[in-house]
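First up is the structure itself, then whatever we jot down about it.
The values are calculated or read from the model by the stated rules, or taken from the named source; none is laboratory data. From a predicted model like this one, the values you see are computed outputs, not experimental measurements. Note that each Cβ is placed from the backbone with ideal geometry, even for glycine, and that neighbours are counted across all protein chains shown.
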Amino acid sequence: MKKILALVLVLVMALSFVACGAADEPSVYYLNFKPEADAAWQDLAAAYTAETGIPVTVLTAASGTYEDTLTSEMAKTDAPTLFQCGTAAALANWGDYCLDLSGTDVYAEMTTDDFNLKGENGEVYAIGYCYEAFGIICNKALLAKAGYSVEDITDFASLKAVADDIHARADELGFDAFSSAGLDGSSSWRFSGHLANMPLYYEFRDNGVTECPAEITGAYLDNFKNIWDLYITDSAVDPATLSSSTGDASLEEFGTGKAVFYQNGTWEFSNLTDKYGIPASDLTMLPIYCGVEGEANAALCSGTENCWAVNSQASDADIEATLDFMKWVVTSEAGTTMMAEQFGPCPFKSAKEPANVFFADANRLISEGKYTVTWAFNYTPNVDDWRAGVVSALTAYSAGTGDWEAVETAFVAGWAAEYAKLNG
Amino acid sequence: MSDKKKKKAKRPSGSAVTSNLIRKPIQRWAPLFILPTFVCFCIGFIWPFLQGIYLSFCNFMTPKDAKWVGITNYVKAFSDPSFGRAFWNTTGFAVVSIVLINIIAFFIAYALTQAMRGANLFRTVFFMPNLIGGVVLGYIWSMIFDGILHRYGTYLEANATYGFWGLVILVAWQQIGYMMIIYIAGLQAVPGDMLEAAKIDGASGWKTLTKVILPNVMPSITICTFLTLTNSFKMFDQNLALTGGNPITTLADGSKIAATELLALNIYSTYNISRNWHGVAQAKAVIFFILVAVLALSQLYATRSKEVQQ
């Protein structure tokens, strides 16, 4: 009796080892980095499997943990066949894993090379499948209640005048100018990343920078201070509490009509219209004005970190299946519909027109001949540590326990040190 | 079958396990019983550990593409000033939390082993924080601390002192209950006749505590100090969730001081710099392992020697 039991146990163990290595049919494994798009990707993957029989697994990294998840998933035998590689820094890390996509069907579907990441010899290592824009999201209905319209805001001075007035009458109006500029980890990237893009962009534009510079001067940091001071002054939230103020809190203030302005990007559109029920016609996105000369001609900050890369170390069959899946996503009815809903305008021939009004704003401003503020922050060396230093200094400055000089040091000296660390 | 059973039943209970009839078959099958655990131990511990040591000598993005670089990573690890700072932060934190946790846990245990109403309820309540995960605790406590500090116009991450004591309070709150349980077990094992003898001999309460009870609970002290020491050195989740190393000061030369960063968090952030730092983080982890092992073993040796035979 015992012998039989032991034999069975041994057999089960042996089988479980065998099972791990069995069955190798072509499959697609997509590592997605946008938690807000997870459900849409899962549905699309299921639809593709139902249509073609090819299994598609979609794994979404939890917010802010994409790099970690990618590293651990890549180390596995069944590594992702399709993943995100969106910045020069990511390409430096993952270049060995990126397949040259030039000559593939999905690449042939593209309408522009602008958002693609290329190697030294013109290899297409990652293709930008959508682009995004950020700026100051504005609730036009509330603005009208306060007696203004978006046409009144054309530069920093007029933005400040409107915001100051709304803040002064906040009690009477029942809402304030800006939603909280939270510096908790769930929100601080809006400022250490996106808002910091303003001084970086203008400095790089002046100096004609095309790759990560070893040092920066911080020439436009006064402008950064202008806009930051405005955010924390003309807001209902006490600046001393910003250290623990979250992104959700800020979104809710704007979503429930407690603030007119909210700095964020095109990706928040469905949150605002679906979750908070703000009519799309009440929403618009303004450029971030910070007092730079000629900024009345600025458009929104547009760029992308959403680039697909195909794992060159996957098996040929899996690579083939992945490329087929990508082509299907950007050409099929289901795929293009989902892409337009989730990601807005996509640079592919069969892409659909998105309903997202923020993109309409982005396109309108560009068609008026205004200049696009590109994503200069994509050059940031050792981005997490650099931002952590800036956020810490910014938090202390806002709470009144630190000074602005510390922010400048974290910004300028921090950049040089992180660059040295990265390349040393 | 039934004959065997009868025989077994007749034997005096104590000798049953030592009987050859039972021992022989068990011994023969021992490897089979050990095998599953041993395999798990190899897969989950031995192999990753060896691979980790190997990787500390490599430059790598994932373990699949490791390239041997010799001791470069160790040179970089030792010349990184943030590693040294994190070490001293950790040491300070460990000393304070070991002392606080053990003293408080001991006295709570002492109080709860005296005859008092609701002792069991208190034991349960004190133990409960231990059931909550570190990251959750970190976020909850950061809200509590910030809630209090906001009243005074400041916040938890404003300076290193708040962050340090915040972490000490959090960890004390979490671990005191656990250590208390161990001390209660120790205190209950103190022989009643010894206590009675001390009482008859007219020993004061303090004398009884220091001369009779303490020597007898030395095994509990050994295990509790060991646990608090290793826990403090390995502290990661709570550190990450409570302050994440903040406040971070950038010096004029651009180098950063993360005032509340402990060793494990330092290793974690080193790894995230770029692929060239993965190996350095791995090297730091190996140094970290040796450090914790040496400390823990010498502590075990030191406190074991004070234990008495009952």
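Is at least one residue of the stretch A:97-109 modelled with pLDDT of 90 or more, more than 14 Å from chain B (Cβ to nearest Cβ), closer than 27 Å to A:Thr266 by Cα and exposed (fewer than 15 other Cβ atoms within 10 Å of the Cβ)? Scanning the stretch A:97-109, I find at least one residue that is modelled with pLDDT of 90 or more, more than 14 Å from chain B (Cβ to nearest Cβ), closer than 27 Å to A:Thr266 by Cα and exposed (fewer than 15 other Cβ atoms within 10 Å of the Cβ), so the answer is yes. Would you be able to say whether some residue in the stretch B:102-111 is at pLDDT 90 or above, over 21 Å from the mean Cα position of the chain (by Cα) and not small (Gly, Ala, Ser)? Yes, there is a match, as at least one residue in the stretch B:102-111 is at pLDDT 90 or above, over 21 Å from the mean Cα position of the chain (by Cα) and not small (Gly, Ala, Ser).
Do we have B:Ala258 as at pLDDT 90 or above and touching a strand residue (DSSP E or B) at 6+ places or on another chain (Cβ under 6 Å) here? Judged against the criteria, B:Ala258 is a match. For the stretch A:36-77, the set of residues classified as small (Gly, Ala, Ser) and closer than 29 Å to B:Gln51 by Cβ consists of A:Ala61, A:Ala62, A:Gly64, A:Ser72, A:Ala75, listed by residue number. Scanning the stretch A:214-269 for residues that are in contact (Cβ under 8 Å) with a residue 60 or more places away in the chain, part of a loop (DSSP other than H, G, I, E, B) and either within 14 Å of chain B (Cβ to nearest Cβ) or among the hydroxyl-bearing types (Ser, Thr, Tyr) (or both) gives A:Ala214, A:Glu215, A:Ile216, A:Thr217, A:Gly218, A:Tyr220, A:Ser245, A:Thr246. Against the test of being away from chain B (no Cβ under 14 Å), assigned to a helix (DSSP H, G or I) and acidic (Asp, Glu), the options A:Glu67, A:Glu51 yield a single qualifying residue, A:Glu51. When you look at B:Arg275, is it within 14 Å of chain A (Cβ to nearest Cβ), basic (Lys, Arg) and either surrounded by fewer than 23 Cβ atoms within 10 Å (Cβ to Cβ) or on the phi > 0 side of the Ramachandran plot (or both), yes or no? Yes: the conditions hold for B:Arg275.
B:Lys211 falls short on exactly one of the conditions (1) closer than 30 Å to A:Ala416 by Cβ; (2) away from every other protein chain (no Cβ under 14 Å); (3) surrounded by fewer than 16 Cβ atoms within 10 Å (Cβ to Cβ), and that condition is (1).
Would you check if A:Phe358 is away from chain B (no Cβ under 11 Å), of a type in the set (A, V, I, L, M, F, W, C) and either surrounded by fewer than 19 Cβ atoms within 10 Å (Cβ to Cβ) or within 21 Å of the chain's Cα centre (by Cα) (or both)? The answer is yes for A:Phe358. Residues in the stretch B:230-259 that are within 14 Å of chain A (Cβ to nearest Cβ) and aliphatic (A, V, I, L, M): B:Leu240, B:Ala241, B:Leu242, B:Ile248, B:Leu251, B:Ala252, B:Ile257, B:Ala258, B:Ala259. Scanning the stretch A:1-39 for residues that are in a helix (DSSP H, G or I), out of contact with any Phe, Trp or Tyr (no Cβ under 9 Å at 6 or more places or on another chain) and modelled with pLDDT of 80 or more yields A:Pro35, A:Asp38, A:Ala39. All conditions in (1) farther than 17 Å from A:Trp375 by Cα; (2) of a type outside the set (Val, Ile, Thr); (3) in the same structural domain as A:Phe343 (by TED's automatic domain parsing) hold for A:Leu142, with the sole exception of (3). Looking across the stretch A:274-285 at every residue that is hydroxyl-bearing (Ser, Thr, Tyr) and surrounded by fewer than 19 Cβ atoms within 10 Å (Cβ to Cβ), the one that is farthest from A:Gly344 (Cα to Cα) is identified as A:Tyr276.
Across the stretch B:158-170, the number of residues qualifying as surrounded by 19 or more Cβ atoms within 10 Å (Cβ to Cβ) and either at pLDDT 90 or above or away from chain A (no Cβ under 11 Å) (or both) comes to 5. Per the listing A:Gly389, A:Gly369, A:Gly344, A:Gly414, the residue uniquely away from chain B (no Cβ under 14 Å) and buried (at least 22 other Cβ atoms within 10 Å of the Cβ) is A:Gly344.
Looking at B:Val125, is it surrounded by fewer than 16 Cβ atoms within 10 Å (Cβ to Cβ), closer than 25 Å to B:Thr222 by Cβ and assigned by TED's automatic domain parsing to the domain that holds B:Ala172? No; evaluated as a whole, the condition is false for this residue.
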